[in-house]
Amino acid sequence: MRFKSLVLVSVVSSFILSGCESRPSMLGVDDRVVVIESPTLSHLPDSTKIDVSLIRSDGSVQHDGIDAINYFPYHYEIPVIEGEPVTSVSISVSVDADKVLVGENKQFSVANRQLVLQAVKGVSLRNTYWKAEDLSGRGIPPTVETTLAFNNENLLSGNAGCNLYRSVYSSASVFIEIDKPILTRRRCSSPVMYHENRYLVLLTSAERFSIDEEGDLSIYVAEREKPLKFSPLTYQDARLSMDLK
């Protein structure tokens, strides 16, 4: 009986010690996750820089970085550091050292883990009209006109070189995403069709854009060093380009 009692005491002691030792890890991974969202985007290019600031209940600040965000919502896991719990999280997104998106959650907790990114600044593309001048360094066939019109309600349209196309887009600050377009069914020569297909593939790979001092538009696409380049068009010229002959 004495042997059994010793065994029982040993088992109970081990259980208590085990429970005490596991206490620091009672905060689960899900409880440390910050859910980052952007209402108008599903992803960010890998080239962007993301900085994270974590403020703890004692007022101390911890800085961290995210190498790349793939698709939103992104689940950022707060690093495990002994000390005061995190009470506030702020995030800034930069391109070429220029801050373009920010987000903050000043009351971070297990029940409130959401953080929404908002544009700091950016040029609206709505009601702007463009003519393609270069496709990632490959130029434009001399007999082909390729146009792009950003309309209201996040709709876009244009002449791809042979067929008319239309699609929807979303943007936040300098970032842009373009859905797969709907096309008319006209057939043209092989070189023109090749140009059209290439243009639409590149266009739907768009990640960000810029407008330079001369007013020209550059759309940067995934896995291409050089952008698509466009010069501005008037509304009337854009409409004329979409009248199929």
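The values are calculated or read from the model by the stated rules, or taken from the named source; none is laboratory data. The structure displayed is predicted, hence computed values, not measured ones. Note that each Cβ is placed from the backbone with ideal geometry, even for glycine, and that neighbours are counted across all protein chains shown. Just the protein is used for accessible areas: all its heavy atoms, side chains included, with ligands, DNA and RNA removed. Shrake-Rupley method; radii C 1.70, N 1.55, O 1.52, S 1.80 Å.
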The chain: calculated mean residue ellipticity at 222 nm from DSSP helix runs of at least 4, using -39500 (n - 2.57): -5500 deg cm²/dmol
Using only Cα atoms, find the angle between the long axis of helix 2-21 and the longest principal axis of the chain, and express it within 0 to 90 degrees, rounded to the nearest 10. 40
Where only protein heavy atoms count, and the probe is 1.4 Å, what is the accessible area per residue for region 151-245 in Å²? 57
Helix 190-203: angle to the longest alpha-carbon principal axis of the chain, degrees 0 to 90, nearest 10? 30
What percent do you get for the relative contact order of the chain when only Cα pairs under 8 Å and 6+ apart count? 15
What residues qualify as long-range amide H neighbours of R208, i.e. H under 5 Å apart, gap of 5 or more or another chain, H built at 1.01 Å from N? I176, Y220
In region 25-109, what percent of the accessible surface is made up of carbon and sulfur (1.4 Å probe, ligands and nucleic acids excluded)? 50
Can you give me the Cα centroid spacing of region 81-99 and region 182-245 in angstrom? 37
In debye, nearest 20: dipole of the chain around its Cα centre with unit charges on the Cβ of K, R (+) and D, E (-)? 860
